[in-house]
Structure formats: C-alpha cells, structure tokens
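First comes the structure, then the notes that go with it.
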Amino acid sequence: MRSLPEIDEIRNRVLADLKHPVGRSDFGIGLRLDMADMDNKFKERRTPEAAGVGNRYVTRPDVFESDMFNVRAFTETRINDQTLLTSGYSYTRMDTDNVGITRKFSKAVRGSLSYGFFRHRDETSGGFDNYDAHLVFSTITYRF
C-alpha cells in the first residue's frame, strides 16, 4: 500500500546571543524561540487490486504543534592559560543549572568536568512524569 503525502509544515526559529567581557571573564545571555506547526496528511488507496471491492481511500492525519522558548545566562572565567571555569543557567519549561571546569594539560590534551541539575515538571501527566536529575559529565579531548 502506498501513501501520497501532502506535506504542510511551517517552522520558525529565532536565536539571539549577547556576550560581554569584563576583565578575565565573559558574561553572556541568550534566547531561543522555536515554533513548529505541522498539518500533514497521508492519502492511501486501500485494496486497489481486490476485484469487486471497489476503491477505498483513507486519509491519515499527522498533526503537531509546538512552541518552545529558552533563555540562558552563562559566565566563562580564565583562571590561567590552562584552566577555564564556566557556569550557566538555562530555562526551557524546565530549570537547568550547569557548572564546569576545563583544564588544558598540554597543547593537544584538554579535560573537562561538569555538573548539571535538571528539574522537570509535566502538568499534562498529573505529575507522573516529573523528575529531578543530577548529571556529572567529564571529557578528555586529544587534538592532532
């Protein structure tokens, strides 16, 4: 069975970032707005080869709408040539806090350690999908 898609999608995105240096630190803020509106349809011809049944047609909708707003703030402080201390806060219908440190061990090797806290509250599930989460994340990067 083949479907004939009728695609009707609109997506808009607005991004803005500001960064300001103060001494050995940079302070920044940013925002992001994503808007999506899909009203797709898949038109299907059912049992086209069946004798005596006649043609049956089905239209299957694929509808989705989403608006997402994000605002964030961050700092970056150069402690020395090898160490960068970063922190940030992000809000996207959930609260997100991040703090991290990056250390340059040599010209080719860099490591980082980050901590994040996430709090998600979902009113549509009656609180069933609510959660708090802690994240510890580390990386070692080798550039060649």
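Inclusion of GLY23 among residues that are at pLDDT 75 or above, out of contact with any helix residue (DSSP H, G or I) (no Cβ under 6 Å at 6 or more places or on another chain), surrounded by 14 or more Cβ atoms within 10 Å (Cβ to Cβ) and not hydroxyl-bearing (Ser, Thr, Tyr) is not warranted.
Conditions (1) out of contact with any His (no Cβ under 6 Å at 6 or more places or on another chain); (2) farther than 26 Å from THR86 by Cα; (3) in contact (Cβ under 8 Å) with a residue 60 or more places away in the chain; (4) not in a strand (DSSP E or B), marked per residue:
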| position | (1), (2), (3), (4) |
| --- | --- |
| VAL14 | yes, no, no, no |
| HIS20 | yes, no, no, no |
| PHE27 | no, no, no, no |
| LEU31 | yes, no, no, no |
| MET38 | yes, yes, no, no |
| PHE42 | yes, yes, no, no |
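Out of all the residues in the stretch 56-70, is one or more within 30 Å of GLY127 (Cα to Cα) and at pLDDT 85 or above? Yes, some residue in the stretch 56-70 is within 30 Å of GLY127 (Cα to Cα) and at pLDDT 85 or above.
Return yes when ILE101 is part of a strand (DSSP E or B), among the aliphatic types (A, V, I, L, M) and modelled with pLDDT under 85 and no when it is not.
On the way: part of a strand (DSSP E or B): yes; among the aliphatic types (A, V, I, L, M): yes; modelled with pLDDT under 85: yes.
Spelling it out, ILE101 is indeed part of a strand (DSSP E or B), among the aliphatic types (A, V, I, L, M) and modelled with pLDDT under 85.
Sub-9 Å Cβ pairs linking a first residue in the stretch 58-78 that is within 19 Å of ASN12 (Cβ to Cβ) to a second residue that is among the β-branched types (Val, Ile, Thr), at least 6 apart or interchain, are MET68/THR92; PHE69/THR92; ASN70/THR92; VAL71/ILE29; VAL71/THR92, ordered by first then second residue. Of the residues that make up the stretch 104-119, is at least one modelled with pLDDT of 80 or more, loosely packed, with under 11 Cβ neighbours inside 10 Å and either part of a strand (DSSP E or B) or touching a helix residue (DSSP H, G or I) at 6+ places or on another chain (Cβ under 9 Å) (or both)? Checked the stretch 104-119: no residue is modelled with pLDDT of 80 or more, loosely packed, with under 11 Cβ neighbours inside 10 Å and either part of a strand (DSSP E or B) or touching a helix residue (DSSP H, G or I) at 6+ places or on another chain (Cβ under 9 Å) (or both).
When only residues in the stretch 120-144 that are in a loop (DSSP other than H, G, I, E, B) and out of contact with any Asp or Glu (no Cβ under 8 Å at 6 or more places or on another chain) count, which is farthest from LEU85 (Cα to Cα)? If we take residues in the stretch 120-144 being in a loop (DSSP other than H, G, I, E, B) and out of contact with any Asp or Glu (no Cβ under 8 Å at 6 or more places or on another chain), then GLY126 is farthest from LEU85 (Cα to Cα).
In the stretch 113-124, the residues that are free of Cβ contacts under 8 Å to residues at least 40 places away in the same chain never reach a residue that is loosely packed, with under 13 Cβ neighbours inside 10 Å and of a type in the set (Lys, Arg) with C-beta atoms less than 8 angstrom apart, at least six apart or across chains.
The values are calculated or read from the model by the stated rules, or taken from the named source; none is laboratory data. Worth saying up front: this structure is predicted, and the values here are computed from it rather than measured. Ideal geometry is used to build each Cβ from the backbone, glycine not excepted, and the neighbour counts take in all protein chains shown.
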